[in-house]
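Have a look at the structure below, then the notes.
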Amino acid sequence: MKKAVLFCTCCGTISATLPPDRLRDALGARLLSAYGKEGPQPACEEFYACSMLCRREESEAALNSVLASGAEAVLAAGCSLSARGFETMKFLGGSTLAEWADIREACAWIHEDAPDGALRKAADILCMGLAALERRAAVAEKPPPCDFPTGEVLVIGGGPAGLACAGALGKMGVRAVLAERRAALGGMLTQLGLLFPRFISGPELAEELIRDVKHIGVQVLPKTTVSGVQPVPGGYRAVLNGKNGEEERRFDAVVLAAGALPVLPRGLYRYGELTGVLSQLELETSLGRVESGQKEALALPRQAVFLQCVAARDENNPYCSAVCCPTSLKNAIRLRSLRPDGSVTVVHRNIATPGKHLEALYRRATASGVLLRSHDPAVTPECLGTERVEGLRFRDALNGEDTVLPADAVVCSTPLKPLPDTLKLAGSLGLRTDGMGFACAREPVQPVSPSGAGIFICGAARWPATVEHCLEQGRAAAAKAAAYMRGIGSCSGDSRCLPVVPQTFWELMPDSACRLPSAEVNGEKCSRCGRCAAVCPYGACFLPEDAGMRVDARKCARCGSCAAVCPTGAASLPGETVAVLRARIKEALSR
Amino acid sequence: MNPSLKTLVFACRWCPLLGAERAGRERLALPPDFRLIPMECAGAVSPDLILRAFADGAHGVAVMGCHFGGCRHNGANRSAHTRLQLLSAALEAVGIRPARLFVSWGTAHEARQFAGVLSDFQARIRALRKEKDLPLLRGNFTPGHDREMRP
Amino acid sequence: MSALHADKIRAMLDENAVTAVLGLADGVEGHIPRIFTGVAEVDKLKDGPKYPLGKIAWRTLRAMPPGSRLAVVCRTCDSRAIREQEKMGQFPQRAVTCLVVPCDTEQALKCSCSWPAPEQAQGKNPVAGLAAGIRVLLESADRAWLWREHMQRCIKCYGCRNVCPVCVCPECRLEDPSFVRPAALPPSPLPYHLLRALHVADHCVGCGACQDGCPAGIPLLALHKALSGHLFGEAGYLAGTDAPSPLRRGPSHPTGEDRPEWKNCYGICASKGENS
């Protein structure tokens, strides 16, 4: 096979130590000695030197020139991969079988004071690359078929996030199974009245989402708990307890949308002791009843004081729960419109309403007459009253004075905290949890995907989120899960590109041309000994019952551990097989 | 002319290779006798290839990977460590000098660290150049021994 | 042939618990392996001197139709080797039942065996039983020279690999021309003898079939035992038990490492599923 070498002098910085003509002669002599004077022609006839291979015009011109001369493979020698090598390789590898050799950082620049040694080393490096090209060309060039099983996605939780996710998955043609622990779907939506910004009620939104999900053909399992999910080679195994009793099923991917739990202000602010001290959820229910006509508006509090950050941002729940301020303002607006004769004051430490819609909500609240007072958290506010609540005493943060606001209701805004069952599921999946107990995804690169392949997390299980955010995240997780199920972004490309590719490029730009094939196992050479499956760090190698070992292309990250332990070479990385490495080693050491 | 004492260095392309590239950018001087092969992960280095490298003419083989806890591939370096320890035991059992196989899990992507580690390794290999384990390493046998085997 | 085993075999054949029995029987010049399927033939089974049956059991089972079950009357080392074959997925679980005949002290000394009977304590380092003359091969300062002398007699007959009960690969790297040059004698020791020793290291039960079968008298057992000794010293691992090999332990945490010093960064803690 005719090969060509594109040699970059890097504007003289490489050629100062490695003059191109001396290198060409050394290479020629090396190849001639390998093939003998009487033997076949040296397999490298083109040696094209240019001064800046990273410039597109130069690399295009060089490539066209060597391809026109009949070369079928190209070895480009220049700087290191992380400098300009990767980008140049992306271009070259798109047209022909190509290999990159670093002769700058790896040779010219570290051996400036040993030019003879550097020349010998550079000749070795080029020979290694040429031998690797020869070996890589010997295997089939077409990309192997994407080998991964196509099964189902398990969505755990039938709240807004889970419903949005299952509906989106169904619309994308991915088979989804939705498990909900209660008899009715909808999660928190069933308890919420009007939702911002659409101002439809929670049950109405739930009905919409459920209709979508049922219409699209998602398999819905109500009254089903998931008592354990764990990664197994080839996917995930879940134990479902539903109407058929305990059932074990295999899934390809899992979406954790199991939600979070609202904290009740027990033991705080005389909740349960004084009538009129309510939780936000209780107020939500009252407002809902009035809005649907079941209750009189006059039953609502006239002078309501909303207290924010109750049981939040303290030692027990040391975080801002993100949904309480929007919920308070939304309920304050509703209360103002239902009881225009009364007053609503929100007593807060800070108001957290980031983003376009929540900013609009804030302005709407203040425009409708909701009063806002900020209190100094150093002094804990106090509910005053004997049997009924009569007021709230707090220290005003602006003027530093102790103030008493008369009130016939004090509404405590409490945070969402992780559900113990969610934590257990996260634990069995091997997900990390942060200090607050919520399962971690790989922010910011992969906001809904934790580190294991095929696991996705959305909604309040991930972090307290408003209903709108739950819907967005649910759809994001569905998009990611669908892409995963189809192997998009995983190792599925062909092996013509450089074997060693910076991984971050590949993750951040999944439609990059340089996608590499996953490891594969040759069934004829495989003895099913299982060494590869035992050492695979991703659980990508698995053993189907009736065949040899297989590799799930979606989980494979091409680390090469399987190839390192396989005694026969059945497991290999296409493009950088043991044979290719063997050829490199031989060229590196044989002279 | 000094005969070269070639060594083969497998460098994982996450930490050690970045160190190597930085050493290049800082123009640190290194002995030219080593041949570097970048690997996706140090866990991809097959002990069989290391044995083959010794037989082919390497005076020493180094495997450089990321520190424990820092492997991008979910700790594949730990499995690699177990394998390479076994390889080291095998070489030691037949009398190959242990310094010939150098495994480093401590490299971060720092230029001077890479240069220092590699230079030290080359120096240790140079000190072994006249050792008696070389014939076994290469498979160089007494000439004519096979005459006794022929019928 | 112990009566206990004979009765048990008859019962197994009667109940159809096994399809065939592999054991030693009289041959023209001594004991040879035989396969029996009939209850009446059980009388032909004899105790004999050490004869490695592990590989033969493997080959036999592969030649039998799927679903077959084999009983093997063998020594402890063979039974452990067969357990390793099972761990390597060579046949379905419980397809092979081993009826073990323990070795006497004389044989145990000859093989440097640390485990001649199944019920013996497992805590013995494989290297413990090696005779002094063999120990020198692993301890002498000149052992590189000694090994070279031994290995240059190798004629690449592949006998060691062929008879080894845990060498079960369909294609062998020792026959891969890029690793072992064809028609070159003797083979370069590292990519041949050491390569094979490394491949079987965590499965080698120290049966010594390789050494017994080597026509050049290379002391292969010492090399294999050195590796088993290393695995024993590092991880307390002995081949032939249910314990998983230390070479097959995957990374400790399937989704990444948590270092204690990273515990307080960004509130990330190492707890998995517990509310901290």
- Would it be correct to say that residue B:57 is modelled with pLDDT of 90 or more and crowded, with 24+ Cβ neighbours inside 10 Å? no
- Message: Pairs needed: first member in the range A:353-369, assigned to a helix (DSSP H, G or I); second member anywhere, modelled with pLDDT under 95 and of a type in the set (Asp, Glu); C-beta distance under 9 Å; at least 6 residues apart or different chains.
- Response: A:357/A:468
- Mind checking whether some residue in the range A:356-366 is closer than 29 Å to residue A:267 by Cβ and touching a helix residue (DSSP H, G or I) at 6+ places or on another chain (Cβ under 7 Å)? no
- Message: Of all residues being of a type in the set (Asp, Glu) and more than 8 Å from chain B (Cβ to nearest Cβ) in the range A:533-591, which is surrounded by the most Cβ atoms within 10 Å (Cβ to Cβ)? Just the residue, please.
- Response: A:552
- Do we find a residue being of a type in the set (Lys, Arg), part of a helix (DSSP H, G or I) and modelled with pLDDT of 90 or more anywhere in the range A:102-110? yes
- Item | Residue list for the range C:93-109, filter: without any contact (Cβ under 8 Å) to a residue 40 or more places away in the chain and either surrounded by fewer than 18 Cβ atoms within 10 Å (Cβ to Cβ) or within 28 Å of residue A:529 (Cα to Cα) (or both) | C:93, C:94, C:95, C:96, C:98, C:100, C:102, C:104, C:105, C:106, C:109
- Task: Determine if the range C:180-187 includes at least one residue that is assigned to a helix (DSSP H, G or I), more than 12 Å from residue B:94 (Cβ to Cβ) and more than 8 Å from chain B (Cβ to nearest Cβ).
- Result: no
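This table checks each residue for (1) in a helix (DSSP H, G or I); (2) without any contact (Cβ under 8 Å) to a residue 60 or more places away in the chain; (3) within 16 Å of residue C:174 (Cβ to Cβ); (4) among the polar types (S, T, N, Q).
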site: C:198; (1), (2), (3), (4): yes, yes, yes, no
site: C:207; (1), (2), (3), (4): no, no, no, no
site: C:211; (1), (2), (3), (4): yes, yes, no, yes
site: C:215; (1), (2), (3), (4): no, no, no, no
site: C:222; (1), (2), (3), (4): yes, no, no, no
site: C:226; (1), (2), (3), (4): yes, no, no, no
site: C:230; (1), (2), (3), (4): yes, yes, no, no
site: C:237; (1), (2), (3), (4): no, yes, no, no
site: C:243; (1), (2), (3), (4): no, yes, no, no
- Pairs under 7 Å by beta carbon, first residue free of Cβ contacts under 8 Å to residues at least 24 places away in the same chain in the range C:1-20, partner surrounded by fewer than 19 Cβ atoms within 10 Å (Cβ to Cβ), six or more apart or different chains? none
- Task: Search the range B:100-109 for residues being of a type outside the set (Gly, Ala, Ser) and part of a strand (DSSP E or B), and hand back the single one that is nearest to the other protein chains (Cβ to nearest Cβ).
- Result: B:101
- Go through the range C:139-169 and give me each residue that's more than 7 Å from every other protein chain (Cβ to nearest Cβ) and among the basic types (Lys, Arg). C:153, C:156, C:161
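The values are calculated or read from the model by the stated rules, or taken from the named source; none is laboratory data. Quick caveat: nothing in here was measured; it's all calculated off a predicted structure. Note: ideal-geometry Cβ built from the backbone for every residue, glycine included; neighbour counts use all protein chains shown.
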